[in-house]
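**Student:** One structure, as structure tokens, below. Some questions next.
The values are calculated or read from the model by the stated rules, or taken from the named source; none is laboratory data. Everything quoted here is computed from the prediction, not taken from an experiment. So basically every Cβ, Gly included, is an ideal-geometry build from the backbone, and we count neighbours across all protein chains shown. Protein only, heavy atoms only, side chains kept; ligands, DNA and RNA dropped before computing areas. Shrake-Rupley method; radii C 1.70, N 1.55, O 1.52, S 1.80 Å.
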Amino acid sequence: MDSEDDLHYSTDDDCDFYSGDMDMGMAYYSDEDDPEAEDFVDDDTDDYFESRRREQNFTILNEFDIRQRQEDDITRISSVLSISRVASIVLLRHFNWSVTKVHDEWFADETRVRKLVGLLEEPVVHASNAREHTCGICFESHPVSRIKSAACGHPFCASCWEGYISTSINDGPGCLMLRCPVPSCGAVVGEDMVNSLVSNEDREKYDRYLLRSYVEDNKKTKWCPAPGCEHAVLFDAGNGNYDVSCFCSYGFCWNCTEEAHRPVDCATVEKWILKNSAESENMNWILANSKPCPKCKRPIEKNQGCMHMTCTPPCKFEFCWLCLGAWSDHGERTGGFYACNRYEVAKQDGAYDEAEKRREMARNSLERYTHYYERWASNQTSRQKALTDLNQMQNVHIEKLSDIHCTPESQLKFITEAWLQIIECRRVLKWTYAYGYYLPEQEHAKRQFFEYLQGEAESGLERLHQCAEKELLQFLNAEGPSKEFNDFRTKLAGLTSVTRNYFENLVRALENGLSDVNSHGVSSGTSSKSTAGSSKAGRSGRAKGGIIRTSSSTRNDDNATHWSCEHCTYVNARSATICEMCHQRH
């Protein structure tokens, strides 16, 4: 990362990322600054996570919830339209379980809708009073009691109906819109007829298809894409945030169903995943690290030895690695086995410029991609490790800590919240590398600013991770209650809050395209809250862990809208009388 002296956006007229215009709450937190921090941990943290739950624009549904909502919609249609439950299912299934759409279409033209979905009011064929009827499939005569028909009245024996319906069920979800076997007849085969004719196994399959159709055909619901998860998500696109977190702990993007990837947009994720799986990087590697055999053109890698190369059978052509000429023309007069005079002369004449330039470009491209990919993958590995640690914490360590320190498990959830925050931050940090890879090279100021913010995020996250992992060990291995445990509680909860604020604002800044940095590397100045700290605060205010401590001396124009806490230096809105971070009175 570039040195601080090169970061021109930290001067007097620039945007302070940690406060002011972006409202960044990453002021350095110290437990010594906050004598009432324990109240902050117990009250504000609970309030924060409760407010986050209220802000969610999605609802996780289990099978019982899905069935309940499905039955409610069926009952509503049946009651309003005064039709049977079976007919209600047919209508809702046809209109993708949209109650509103069913109402609109039904009341606009009931006759057309009935014909469209196959709900006939009158039978097409009227049954005779004969004791036996001929089945339209097997053409055998059967007693009336063995003859079944849909609303159309076409007669078929129970055995043929069972085979027809069972085959359709085993073919897949298309059985939900099953019609009369007569090709020209559009009468629908309802759930009641299916349940009365097929086996229990087929009935369960049909019921499962019906349940899944409620999720898969509804535009507002999707299944969680995690392997083995059977939860569904009801989504309300209200605030533009498409990240969804299921009860199974898997986070995914509602829009593209890839794993949650804020601050990177779906198009960038698609390009990144395609790049990771495509053959383009293989070709780049081949171009950067090999040369084609002059005779058969197969790529050859030279990893050691002299310049005398021999192609593999059946080619077996011998050539010089440098000039690609036949080795029969080489010898002591051309420089021996480890040099080539012909190559040096031709290179000076520019004969190899184009090929070398192309190879150098491929090498640079490969190195750049490798840099970002390795760090992207490393954070993914760290996130998986954190998930494992969280699981062990919840299943083993929390109970042990509760016993050692005589503390109810409900008061130890600050540790779980810290690990959840670490997992979330690892996810964000992972995707910042995909973001950085596609950040235009010509945007030098934005790239500098981005790398600076990314470095600060890594430092802050490592500090939280070390506290939650390393510093917790002494309390796990303690023989009895420790006086320092309350101090640890305060510190870990404070670091969790600070890191959370930073990463939330980092995500917003990247999603906005770092719009506060213009081509000259300074704030665009479009907001009245331009900066909250001086350049000295931006450079000399670095605290341990790579977290900036904001200056207590704000600019005169910013004093009109903000005040900086004397205890923790958090920048608060002017209307606040108590610091939002440490609860000290202004």
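**Student:** Looking at Glu140, Glu105, Glu122, which one is touching a residue at least 12 places away in the same chain (Cβ under 8 Å) and not aliphatic (A, V, I, L, M)?
**Tutor:** Numbers: Glu105 fails: touching a residue at least 12 places away in the same chain (Cβ under 8 Å); Glu122 fails: touching a residue at least 12 places away in the same chain (Cβ under 8 Å).
Just one listed residue meets the conditions, Glu140.
**Student:** May I ask you to verify whether Gln442 is touching a Ser or Thr at 6+ places or on another chain (Cβ under 6 Å) and either open to solvent by 10 Å² or more (accessible area, probe 1.4 Å) or of a type in the set (S, T, N, Q) (or both)?
**Tutor:** Judged against the criteria, Gln442 is not a match.
**Student:** Out of Thr370, Thr381, I need the residue that is at pLDDT 85 or above and in a helix (DSSP H, G or I). Which one?
**Tutor:** Sole residue among the options that is at pLDDT 85 or above and in a helix (DSSP H, G or I): Thr381.
**Student:** Does segment 445-462 hold any residues that are closer than 13 Å to Gly513 by Cα and open to solvent by 10 Å² or more (accessible area, probe 1.4 Å), and which are they?
**Tutor:** Within segment 445-462, Ala445, Lys446, Arg447 meet the criteria.
**Student:** Would you mention how many residues in segment 99-112 are within 42 Å of the chain's Cα centre (by Cα) and surrounded by fewer than 18 Cβ atoms within 10 Å (Cβ to Cβ)?
**Tutor:** The total comes to 7.
**Student:** Looking only at strands (runs of 3 or more DSSP E) that fall completely inside segment 264-340, which ones have 1 or more residues that are at pLDDT 70 or above, β-branched (Val, Ile, Thr) and closer than 29 Å to Ser365 by Cβ?
**Tutor:** Qualifying strands (runs of 3 or more DSSP E): 299-301.
**Student:** Right, something else. Cβ contacts < 8 Å: first residue within 20 Å of Lys220 (Cα to Cα), restricted to segment 244-270; second residue assigned to a strand (DSSP E or B) and open to solvent by 40 Å² or more (accessible area, probe 1.4 Å), any location; separation 6+ or different chain. Result?
**Tutor:** Pairs that qualify, where the first residue is within 20 Å of Lys220 (Cα to Cα) and the partner is assigned to a strand (DSSP E or B) and open to solvent by 40 Å² or more (accessible area, probe 1.4 Å), are Tyr250/Glu259; Gly251/Ser245; Gly251/Glu259; Phe252/Glu259; Cys253/Glu259; Trp254/Lys222; Thr257/Lys222; Ala260/Ser245.
**Student:** How many residues does segment 205-217 contain that are open to solvent by less than 30 Å² (accessible area, probe 1.4 Å) and either assigned to a loop (DSSP other than H, G, I, E, B) or of a type in the set (Ser, Thr, Tyr) (or both)?
**Tutor:** Residues in segment 205-217 being open to solvent by less than 30 Å² (accessible area, probe 1.4 Å) and either assigned to a loop (DSSP other than H, G, I, E, B) or of a type in the set (Ser, Thr, Tyr) (or both): 3 in total.
**Student:** Let me ask something else. Just give me the residues in segment 161-204 being open to solvent by less than 30 Å² (accessible area, probe 1.4 Å) and either outside any helix (DSSP H, G or I) or touching a strand residue (DSSP E or B) at 6+ places or on another chain (Cβ under 9 Å) (or both), in sequence order.
**Tutor:** Trp161, Gly172, Leu178, Cys180, Cys185, Ala187, Val188, Val189, Gly190, Met193, Leu197, Val198 - these are the residues of segment 161-204 that are open to solvent by less than 30 Å² (accessible area, probe 1.4 Å) and either outside any helix (DSSP H, G or I) or touching a strand residue (DSSP E or B) at 6+ places or on another chain (Cβ under 9 Å) (or both).
**Student:** Now for a separate question. Return yes or no: is Val144 modelled with pLDDT under 90 and over 18 Å from Glu191 (Cα atoms)?
**Tutor:** yes
**Student:** Continuing with this model, one more query. Would you mention how many residues in segment 167-177 are touching a Phe, Trp or Tyr at 6+ places or on another chain (Cβ under 8 Å) and under 16 Å from Leu116 (Cβ atoms)?
**Tutor:** Count: 1.
**Student:** Which ones in segment 388-404 are open to solvent by 50 Å² or more (accessible area, probe 1.4 Å) and not charged (D, E, K, R)?
**Tutor:** Thr388, Asn391, Gln392, Gln394, Asn395, Val396
**Student:** Only one residue in Ile422, Ile404, Ile415 is closer than 19 Å to Arg489 by Cα and touching a His at 6+ places or on another chain (Cβ under 7 Å), so which one is that?
**Tutor:** Ile422
**Student:** What helices (runs of 4 or more DSSP H), lying completely within segment 425-516, carry at least 3 residues that are under 23 Å from Gln384 (Cβ atoms)?
**Tutor:** Of the helices (runs of 4 or more DSSP H) lying wholly inside segment 425-516, those with at least 3 residues that are under 23 Å from Gln384 (Cβ atoms) span 444-469, 484-511.
**Student:** Of the conditions (1) at pLDDT 90 or above; (2) surrounded by fewer than 16 Cβ atoms within 10 Å (Cβ to Cβ), Arg93 clears all except one; give me its number.
**Tutor:** Going through (1) at pLDDT 90 or above; (2) surrounded by fewer than 16 Cβ atoms within 10 Å (Cβ to Cβ) one by one, Arg93 breaks only (2).
**Student:** Taking the conditions exactly as written (under 16 Å from Leu412 (Cα atoms), in contact (Cβ under 8 Å) with a residue 24 or more places away in the chain and either surrounded by fewer than 13 Cβ atoms within 10 Å (Cβ to Cβ) or touching a His at 6+ places or on another chain (Cβ under 8 Å) (or both)), does Leu476 satisfy them or not?
**Tutor:** yes
**Student:** Also: In this structure, is Gly228 touching a helix residue (DSSP H, G or I) at 6+ places or on another chain (Cβ under 6 Å) and either among the hydrophobic types (A, V, I, L, M, F, W, C) or modelled with pLDDT under 90 (or both)?
**Tutor:** no
**Student:** In segment 147-160, which residue that is in contact with a helix residue (DSSP H, G or I) (Cβ under 6 Å, 6 or more places away or on another chain) and buried (at least 18 other Cβ atoms within 10 Å of the Cβ) is nearest to Leu211 (Cα to Cα)? Quick ask: steps written out before the conclusion?
**Tutor:** As a first pass, look at segment 147-160 and keep what is in contact with a helix residue (DSSP H, G or I) (Cβ under 6 Å, 6 or more places away or on another chain): 148, 157-158.
Narrowing the set further to residues that are buried (at least 18 other Cβ atoms within 10 Å of the Cβ) leaves 148, 157.
Working: Lys148: 26, Cys157: 29 Å.
Top of the filtered list is Lys148.
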